[in-house]
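The values are calculated or read from the model by the stated rules, or taken from the named source; none is laboratory data. Computed from a predicted structure; not experimentally measured. Because the Cβ atoms are built from the backbone with ideal geometry, glycine has one as well, and the counts that use them run over all protein chains shown. These area figures cover heavy atoms from the full protein model, side chains too; ligands, DNA and RNA do not enter into them. Shrake-Rupley method; radii C 1.70, N 1.55, O 1.52, S 1.80 Å.
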Amino acid sequence: MIRPLQDRVLIEPKEAETKTAGGLYIPDTAKEKPQQGVVIAVGKGKKDEPMEVAVGDAVLYGKYAGTEVTYEGKKYLIVKQSDILAIL
């Protein structure tokens, strides 16, 4: 498994919506990048900045935050703790 370092967090992004509230299907070209996900792993933090998120937390992060990685066929996002906007 991927183990983030320092103040980084490994997130499994929520799947993008494929259908609107009115029942219309959204094509792949019009889908927005998800901004929610579940924390899979956290680093140890920095000396002056303790980790506030924990494994299993549902979080909201910035639209262009982090680095996308693929591990064993699944897509993940590695972000700094400061890029996480809220715990849901």
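Checking the cross-link filter: which aspartates and glutamates have an alpha carbon closer than 20 Å to that of Lys19, excluding same-chain neighbours under 8 positions apart?
Asp28, Glu32
Could you give me the ³J(HN,Hα) list for segment 77-86, computed from phi with Karplus coefficients 6.51, -1.76, 1.60 and θ = phi - 60°, whole Hz, x at Gly and Pro?
Here the 3J(HN,Hα) series is 10, 9, 10, 6, 4, 5, 7, 7, 8, 7 Hz.
State the percentage of accessible surface on the chain attributable to carbon and sulfur atoms; use a 1.4 Å probe and exclude ligands, DNA and RNA.
The computed percentage sits at 52.
Need the full-extension length gain, Gln36 to Leu60, defined as separation in residues times 0.36 nm minus the C-alpha distance. One decimal, nm.
Result: 8.2 nm gained on full extension.
Strictly over 19 Å apart at the Cα level, which of Lys14/Lys46; Lys47/Lys75; Lys44/Lys75; Lys46/Lys80; Lys44/Lys80 would you flag in this model?
Over 19 Å apart, Cα to Cα: Lys14/Lys46; Lys47/Lys75; Lys44/Lys75.
Starting from the Cα of Lys75, step 7 Å toward the Cβ, then list every residue of segment 31-63 with an amide N under 18 Å from that point.
31-40, 59-63
When ligands, DNA and RNA are left out and all protein chains stay put, how many square angstrom of accessible area per residue does the chain have with a 1.4 Å probe?
For the chain, the per-residue accessible area is 71 Å².
Taking only the alpha-carbon positions of the chain and ignoring solvent, what does the Debye formula give for the base-10 log of I(q)/I(0) at q = 0.13, 0.15 Å⁻¹?
Scattering profile of the chain, log10 relative to I(0): -0.45, -0.57.
Run the dipole for the chain about the Cα centre, Lys and Arg Cβ at +1, Asp and Glu Cβ at -1, nothing else charged, and hand back the magnitude in debye, nearest 20.
140 debye
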